[in-house]
Amino acid sequence: MSDLPLDPTAAAPAGPRVDQRVLNAGTTMRFVLLLVLMLASSAWMLRSVVGFGTSNMCAYAAGADLLDGDYVTIVAALLDQYDALQACEARHGPGALGQWLYAGMFLLLLAAAGTLLWVLPLWKGRPGRVVPVEMVDSRGDLRAELAALVAAAGLARAPRFVVASGKAGANAVTFGRPGRYIISLNDGLVVRRAADPRGFRTIVLHELAHIRNGDVTIAYATVALWRVFVVVVLLPYLVRTVEILVRLPPELRRGELPLATRNLLLAAFMVVLVYLARADVLRSREIYADLDALAWGGDAETWRRRSAAEGRPGRVQAFARFARLWSTHPSWNLRLRSLTDPAALFDLQALPVFLAGAATWLIMHQLFPRGLAQWSGKQIDTLATPVAAAVLTGIVGVAVCRSVTHAVLTSRRVPSGLRTGLWLGAGLAVGELTTNRLAVNQWAPPHPEALLLVVFAAALVTWWTAQCAELWVRAWRWGSIRLGTMVVLAATWLLFAALLHWWNLFDTAYAYGWLFDTSDAAVQLFLSRSGMTASEIVPAVVTAFVVVGSVASSPLEVSAVSVLWLVPLLGWALGPARGVPGWVSRALKGARVPTMIGAPHVDLRRPLLISALTGVCSWGVFTAAMASMHLWSPIGGASQRVLVSMVLCALIVVVTALVVAVVVAVLTERYQLLAALVSGGAAAVIAGVGIFFLLGTSGCVPLLRTSAVSCSWPSGTAWRGVSFLLFYALVAALLIVAAVAAPVAALRERCRREAPAPVPTAVSRVRGFDARRVVAAVLTVVSVGSTTAFLAVWHSGPPSRRHLEFADLVSVRQPTPSPQVRTLQAAAWFHSGGGELVDDILDAYQRAGSALPEATDPSRRLDEARLRGACTDIHTTARRSDTFFRVPDRQSQELWSRGLDRLEKAAGDCLRVLDEGDHTLLVRTVNEFSATINETLLPVMRRLISITRAGIASQ
Amino acid sequence: MTNDMEIRQVNTEGRYQIRNIVRYVIADVAPEELPYLDGLCRFDDKTILRRLKRGDRSDEPLGFGLGDLVTLLTPILWLALEETARRAADAAVDGAVRQGKAGLRRIFKRRKEPMTVPPLTPEQLADLRRRVIEVGARHGLELPAAERLADALVVRLVLPDGDRPAFGPARGDAGQAGDDATGGLPEPHV
């Protein structure tokens, strides 16, 4: 919004005008995301409305400390009583009525939205508001002109034209439903037609473009769904949340207050998100409609006049910009500028990307809540990850590719994608913080800084996408560019899927301090089989290990890591396009071809040479190290030698890749990230494969024989372990390369921004051509082959520790919780079923007492059936208590457990005596009930009450 | 319904409905606005006033967008006349309150009726003229054009009966006044 071009022809763009439809816009995907978000939020919020309850009562009853506990102890507590926990969740879940109510409300939502979509056009076009165009067109010329305009727009079916009575603005609006569109012309527009016929045509053409572009249905679908969502879901949800807040018992206040507050925050965030996202996507659609209207014979003067009246943004720029965010139309200045240079349609903007990130995460969380699995880190295969990744790719990946293509075609600076990724990551993080998933009963998760991981990971993905897209766009010469960007987008999808999968599995673990946990228990998760103890591990290594280990825990992530360097390698192998590709001519419509097309883009020969040399050197280092171990044997036992050689292999692979990547990132002038990744990946593969064969054949060379005993290809568990570790090292190497080389490359990227990039010197194409493809093909085949082979072995072998073994943690000692947490646990235990058990026992005891004959009342005789029923009930309840949670207080639990044993025995005695018919012993068994209750159960209750009081007092 | 309202007579001598005055002047100075005025006259005075005051500010999705520069004369005339009529009515209300219940009844009754302008004194006419220029300036009408419009309005209001066209509520076709663009101010309501 800097200079105001009064004449579109004067505002000549820096580069040629690019066809705005050279690539998909991704705006439909943004609409779809909005619709899915509203449906997902409905599914989520309605659960709360019908009382599914999202509180963590069962977790507290199991003795978990969600307020102050760290990750390992929480998981240990939950796993300790996992069966009781699952039973509790099932019991306190929705009943059949709740399920029906839930389903009913959801159907109501859909039906109401559908009805509203149908009714809205009728309401907007009701007779009191508009009149048919025939009423103001006595001569018929208006209708003739409108028909001509419909023909110009190429619409198969003409919309209905009406006139909005008494509206003075020279404006028109389109609404309707599929197959029945209505364009409402303001009275003012019809009046102005005589004085400004071209303006009239332009405005009508703009509206026809909306119909042609399919904007009407989807825009009004979001409107209809949103309005119904507000009434059917959002308002009841708010009422329910406030009700929970108001009726909160004091002992639960500390834990539930953050939960309920965040629920309110989520509602507010939803409103902001939906409005901003809808306005944002509508703004891009306006520019598309403008461009179409112009192409069909619209008059640029119409925009120019409005733009001139809008004036220049003055002091209120900040406020105006903020207000503009909520507007469904872009500023007139921008619209005028976009007529000649639709750069706005290609720009990478922060807001849509941020909103897409937040919405995606909300959908992931709301549509597929992970429940207890969130804590246990267990893999759940749902459609959530691939679908969410597809949405992110459709919005963010497409936006990056569009922006890069436009920059290449107009010879502008190619966007780095780094900032976009940071915004995307911020969106994901904010989405995460708006839900109760991480912070649970606290105001913030214990380690919010862990969220930076997802921010940086997202930045890496978009940055990588931008650089790859540039490489592929400049190389692409076969058919449509959509096909070329498809390759990059498919890779981006894989990266996003891996990112979301990884984060979905491990966000809770990271946010609860697992990264920073160097305690025995945490380290044990990874190293339980290595024989090492925590004291032998450098704490910093644990953090790296946790991240790498969690990423390398599934085939999805492993494939994504390979893609990181193979896709750019293939892009390089294609070489720059020679001549002018057909898609470039079509997109530029005959304008001058930019210099970037056809010019050499990236030279990976030197980086790959460095990789090859360093990789071969690493073989030498490994051989020397093996030989030295063989000769001097500084390490005693054979198993220890195997261990050391394993660590050595991994270390050499990682260090080789890292050194190569950093050197290349420093030496390369452009595409530092890609060059570092490709060279690092190539170096890791060269080193890894070499070491693999050296190890396999080491038995044949006496000098190198450390663990192998004969000259045959090794097999067995040890070899499997070595191969696995080597593969693991390859993945780790790439991740570490990305983590270390990215900042170096980012710094160099920044320097480049200040100094213009040197024009790359032409390389000899003919000689480099074949060699380049051969090298790329060999590296790709080796890498893909080894990855596939390892994945196949990994899955075919006996069940190994594919995932983290949390069961090891059960023995973790639970620290004494704070008084508030003890209150929560006591209350949760009581409310989740403990109180019911006590009630059942007391009730059965009273029945037993009343069934006995009374000495003072001779008329009362023994009611045998009643007594038998009471004793059976006590017996059943006491046995049922065994499968219930232990009392979350050690002292009470001892009493409770002892009491239940005594009751079970006494009830058994009672039944036996009844069977035997010796009624004299009956009174004694009933007295035993009474004694047990007085000595154990009631003290337990008293103690729980005192714990609760202490907790309330300390608040 | 709207036609009924337009021709409803007011039992006050010498009063003209605002919509009729506006139609008369617009037919003279800006006949192209008559369809717009027709559309407007489908609503009652209160709705029309609200629409005119609010302008077209709705940022409706899929519209062409706001920010048009159309300066219509109809809203200028209407708003200026309405202001004048309201002031005159306020004065009447002051009197009515003094006159007691009968006056109050009249006021309540009148609220639902089309707004009318009583015969204006020279001072009131001067005031009306100034107001048209003011409102015109607010609507982006340049001073000479605003003055011409104000003059046209005032002239039409003060012209002797003999110069008035044969057009008025008695004929019951005030709603179609636009058909004879040369028509004059209707007869005052009797």
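The values are calculated or read from the model by the stated rules, or taken from the named source; none is laboratory data. As the structure is a prediction and not an experimental result, all values here were calculated from the model. Cβ: placed from backbone, ideal geometry, glycine included. Neighbour counts: every protein chain shown.
Do the conditions hold for residue A:199, that is, is it under 30 Å from residue B:30 (Cβ atoms), over 33 Å from the mean Cα position of the chain (by Cα) and of a type outside the set (A, V, I, L, M)? Taking the combined requirement at face value, the residue satisfies it. Residue count for region A:169-216, restricted to those that are out of contact with any strand residue (DSSP E or B) (no Cβ under 7 Å at 6 or more places or on another chain) and under 19 Å from residue A:329 (Cα atoms): 11.
In the set (1) assigned to a loop (DSSP other than H, G, I, E, B); (2) under 28 Å from residue B:66 (Cα atoms), residue A:302 fails one condition alone, (1).
Note on region A:262-295: residues that are under 30 Å from residue A:67 (Cα atoms) and without any contact (Cβ under 8 Å) to a residue 24 or more places away in the chain total 2. Among helices (runs of 4 or more DSSP H) entirely within region B:1-70, having at least 2 residues that are within 12 Å of chain A (Cβ to nearest Cβ) and either in contact with a strand residue (DSSP E or B) (Cβ under 9 Å, 6 or more places away or on another chain) or at pLDDT below 65 (or both) singles out B:34-40. Among the residues here, residue A:654 qualifies as modelled with pLDDT of 85 or more, outside any loop (DSSP other than H, G, I, E, B) and either of a type in the set (Val, Ile, Thr) or surrounded by 16 or more Cβ atoms within 10 Å (Cβ to Cβ) (or both). Within region A:192-206, being buried (at least 24 other Cβ atoms within 10 Å of the Cβ) and either modelled with pLDDT under 90 or facing another protein chain (nearest Cβ under 7 Å) (or both) holds for A:192, A:203, A:206. Checking each residue in region A:425-472 for being in contact with a Cys (Cβ under 8 Å, 6 or more places away or on another chain) and aliphatic (A, V, I, L, M) picks out only A:469. Put simply, of A:318, A:293 the only residue that is in a helix (DSSP H, G or I) and surrounded by fewer than 19 Cβ atoms within 10 Å (Cβ to Cβ) is A:318.
With modelled with pLDDT under 85 and either under 14 Å from residue B:19 (Cα atoms) or not aromatic (Phe, Trp, Tyr) (or both) as the only criterion, which of B:187, B:147 stands out? Sole residue among the options that is modelled with pLDDT under 85 and either under 14 Å from residue B:19 (Cα atoms) or not aromatic (Phe, Trp, Tyr) (or both): B:187.
Does residue A:310 count as more than 26 Å from the chain's Cα centre (by Cα) and acidic (Asp, Glu)? Considered against the rule, which asks whether it is more than 26 Å from the chain's Cα centre (by Cα) and acidic (Asp, Glu), residue A:310 comes out as yes. Scanning region B:29-50 for residues that are acidic (Asp, Glu), in contact (Cβ under 8 Å) with a residue 24 or more places away in the chain and surrounded by fewer than 18 Cβ atoms within 10 Å (Cβ to Cβ) turns up just one, B:44.
Is one or more of the residues making up region A:334-342 out of contact with any helix residue (DSSP H, G or I) (no Cβ under 9 Å at 6 or more places or on another chain), within 14 Å of chain B (Cβ to nearest Cβ) and assigned to a helix (DSSP H, G or I)? Checked region A:334-342: no residue is out of contact with any helix residue (DSSP H, G or I) (no Cβ under 9 Å at 6 or more places or on another chain), within 14 Å of chain B (Cβ to nearest Cβ) and assigned to a helix (DSSP H, G or I). Checked against the criterion of being within 30 Å of residue B:30 (Cβ to Cβ), modelled with pLDDT of 90 or more, surrounded by fewer than 24 Cβ atoms within 10 Å (Cβ to Cβ) and within 44 Å of the chain's Cα centre (by Cα), region A:207-226 contains not a single residue that satisfies it.
Flag: residue A:307 matches the condition of being over 20 Å from residue A:25 (Cβ atoms), among the small types (Gly, Ala, Ser), within 14 Å of chain B (Cβ to nearest Cβ) and surrounded by 19 or more Cβ atoms within 10 Å (Cβ to Cβ).
Taking region A:158-178 as the range and being over 21 Å from residue A:282 (Cα atoms) and either at the interface with chain B (Cβ under 9 Å from one of its Cβ atoms) or at pLDDT below 90 (or both) as the test, the residues that pass are A:163, A:164, A:165, A:166, A:167, A:168.
From the list A:233, A:216, A:242, the one residue that fits, being more than 11 Å from every other protein chain (Cβ to nearest Cβ), assigned to a helix (DSSP H, G or I) and within 23 Å of residue B:61 (Cβ to Cβ), is A:233. Annotation: residue A:279 fulfils all but one of (1) over 34 Å from the mean Cα position of the chain (by Cα); (2) within 14 Å of chain B (Cβ to nearest Cβ); (3) outside any loop (DSSP other than H, G, I, E, B); (4) at pLDDT 85 or above; the unmet one is (1).
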